[in-house]
Amino acid sequence: MAKSRLLLIDDEKDFVDALSLRLEAKGYDIIKAFDGKEGLEKAHASNPDLIILDIMMPEMNGYDVCRKLKIDQKFNKIPVIMLTAKFEPNDITFGKEMGAEAYLTKPIELEVLSQKIAELLKEKGIDMGDAK
C-alpha cells in the first residue's frame with residue numbers, strides 16, 4: 001500500500017523536523033514547507049493527501065493558504081488540519097470558515113494528531129491500514 005503524503009506547513013523549523021520524524025515513524029511520507037507561500041506551491045506540486053497548516057507564518061498566513069486551496073476545484077477536497085498556538089474561539093471559528101476540516105492547538109500530543117489524521121484520511125477514502 002502506498003504511503004499517504006502529508007504536507008506540513010509551519011515556519012518553526014525545529015517543530016517541523018521533530019513532527020516529521022514522528023509522523024514518518026507512523027508510516028507517512030512528509031513534505032515540508034516553512035511559510036505560507038512555499039506551502040501553497042508545494043501543495044500544487046505534490047497534491048498531498050492531507051495538509052497540516054500553521055496560521056502565523058511569513059509570506060502568507062495559514063488562513064489565506066487554506067482559503068486559496070478550498071476555492072480551487074483541484075485542491076478543495078484535500079483535508080486541512082490547522083495546527084496552531086492560536087486558541088481563541090474566534091480563531092477556531094475563522095479557521096473553519098476558511099475551510100479547515102479540523103482545528104488543533106499546540107502543544108499537541110502525537111496520538112491526538114495521529115487520530116485526527118487517520119479519521120480525515122478515512123473520510124477521504126484512504127485507509128492507512130496498520131498506521132497508528
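Nothing in this text is a laboratory measurement; each read-out follows from the coordinates by a stated rule. Bear in mind the structure is a predicted one, so any value in this text is a computation, not a measurement. A quick note on method: Cβ atoms are made from the backbone with ideal geometry, for glycine too, and the neighbour counts reach across all protein chains shown.
Some points to look at:
- Treating r as the C-beta distance of Glu88 and Lys3 and R0 as 30 Å, the FRET efficiency rounds to 0.30.
- For segment 43-75, the residues whose backbone nitrogen is under 19 Å from a point 7 Å from the Cα of Thr105, taken along Cα to Cβ, are 53-57, 62-63.
- Point-charge dipole on Cβ atoms (K/R +1, D/E -1) for segment 5-123, about Cα centre, debye to 20: 380
- Two-site FRET efficiency, Glu24 against Lys70, from Cβ-Cβ distance with R₀ of 30 Å, rounded to 0.05: 0.65
- Adding -39500 (n - 2.57) for every DSSP H run of four residues or longer, then dividing by how many residues the chain holds, sets the calculated 222 nm ellipticity at -13000 deg cm²/dmol.
- Listed pairs Lys26/Lys68; Lys13/Lys70; Lys3/Lys70 exceeding 27 Å between Cα atoms: Lys26/Lys68
- Per principal axis, descending, Cα span of segment 5-123 in whole Å: 32, 32, 29
- Pairwise FRET efficiency - Gln115 versus Glu59, Cβ, R0 = 35 Å, nearest 0.05: 0.70
- Fluctuation leader among Asn61, Asn90, Asn47 - the chain, Gaussian network, Cα springs under 10 angstrom: Asn90
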